[in-house]
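Student: Before I ask anything, here is the structure I am working with.
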C-alpha cells in the first residue's frame, strides 16, 4: 500500500475522533440509557466511514484507494440499519417491533459486502476502475453495476422509514421528551442519514 499526505485527510480524522470520543462517553456513562447501543453503533460506523475516506484520499495508487473504499462499505451497508434501530427506540416504536428482528435487515447488506469484496470477479456493484488525477486529489472513477442501485434504494428506504418515525414522534408524542425530538431530527440530518445515504465510493 502506498500513501501520500494531503491536508483534506484531517477533516475525516477530526470527524472520526469526535465520533469515537462521543461513543466512549456513552459507553462509560450512558450505556444503560435506551437507544445507547444503537447510537454507539451509528458512531462506530460513522468513524469507519471517516477514517476510510481519509485513507482513501491519502492513497497513492488504485489498489490502496480501492481497499479503503471497500472498507467504507461497512458504513454504507450497516449504518442505515443501525440508524433505523435508533429511530425505532427513540420513537418508542420498538415496543411493537422487536429490535432483534431488525437484525434481519442486515442480511441484504451482508450480501452486498460479499459482492463488494469480490467485485472484480463479477462487476455487480462497481466495475471499470481507474484513477482520475485531474481534481484536488486523485479519486477512483468507476461505473456502477445493477446491484449497486438496488442497495442504494434499499438504504434510502431505511433512511426514509427512520425519518417517518422521527416525524411521527414530533407530531404525536405528548411526553416531556417531545421537545427533544426535533433537535434530534436535525442532528440526524447532519450526521447519520447523509452518512448512510450518500455514496462516495
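Student: So which residues in segment 138-163 are buried (at least 17 other Cβ atoms within 10 Å of the Cβ) and over 27 Å from residue 107 (Cα atoms), if there are any at all?
Tutor: The answer is 138, 139, 140.
Student: Mind counting the residues in segment 1-23 that are closer than 22 Å to residue 76 by Cα and either in contact with a strand residue (DSSP E or B) (Cβ under 8 Å, 6 or more places away or on another chain) or part of a helix (DSSP H, G or I) (or both)?
Tutor: Residues flagged as closer than 22 Å to residue 76 by Cα and either in contact with a strand residue (DSSP E or B) (Cβ under 8 Å, 6 or more places away or on another chain) or part of a helix (DSSP H, G or I) (or both) within segment 1-23 amount to 15.
Student: Specify which of the listed residues (43, 28) is assigned to a helix (DSSP H, G or I) and more than 15 Å from the chain's Cα centre (by Cα).
Tutor: Of 43, 28, the one residue that is assigned to a helix (DSSP H, G or I) and more than 15 Å from the chain's Cα centre (by Cα) is 28.
Student: Those residues that are over 23 Å from residue 51 (Cα atoms) and touching a helix residue (DSSP H, G or I) at 6+ places or on another chain (Cβ under 6 Å), I need them from segment 109-133; list them, please.
Tutor: 124
Student: Also, I was wondering about something else. Checking the condition modelled with pLDDT of 95 or more, part of a helix (DSSP H, G or I), over 15 Å from residue 13 (Cα atoms) and touching a strand residue (DSSP E or B) at 6+ places or on another chain (Cβ under 8 Å), which residue from 69, 75 passes?
Tutor: Being modelled with pLDDT of 95 or more, part of a helix (DSSP H, G or I), over 15 Å from residue 13 (Cα atoms) and touching a strand residue (DSSP E or B) at 6+ places or on another chain (Cβ under 8 Å) holds for just one of 69, 75, which is 69.
Student: Right, next: I'm told residue 103 meets every condition in (1) under 16 Å from the mean Cα position of the chain (by Cα); (2) within 30 Å of residue 141 (Cα to Cα); (3) loosely packed, with under 15 Cβ neighbours inside 10 Å except one. Can you identify the failing condition by its number?
Tutor: (2)
Student: Here's a follow-up. Could you tell me whether any residue of segment 96-112 is modelled with pLDDT under 95 and over 28 Å from residue 19 (Cα atoms)?
Tutor: Taking every residue of segment 96-112 in turn, at least one turns out to be modelled with pLDDT under 95 and over 28 Å from residue 19 (Cα atoms).
Student: Turning to a different aspect of this structure: Quick check: anything in segment 80-91 in contact with a helix residue (DSSP H, G or I) (Cβ under 8 Å, 6 or more places away or on another chain) and on the phi > 0 side of the Ramachandran plot?
Tutor: There is no residue in segment 80-91 that is in contact with a helix residue (DSSP H, G or I) (Cβ under 8 Å, 6 or more places away or on another chain) and on the phi > 0 side of the Ramachandran plot.
Student: In this structure, is residue 115 modelled with pLDDT under 70 and under 19 Å from the mean Cα position of the chain (by Cα)?
Tutor: It is false that residue 115 is modelled with pLDDT under 70 and under 19 Å from the mean Cα position of the chain (by Cα).
Student: Identify all residues within segment 111-147 that are within 15 Å of residue 66 (Cβ to Cβ) and in a helix (DSSP H, G or I); write none if there are none.
Tutor: The answer is 113, 115, 116, 117, 119, 120, 121.
The values are calculated or read from the model by the stated rules, or taken from the named source; none is laboratory data. Being a predicted model, the structure only gives us computed values, none of them experimental. We place every Cβ from the backbone using ideal geometry, glycine too, and count neighbours over all the protein chains shown.
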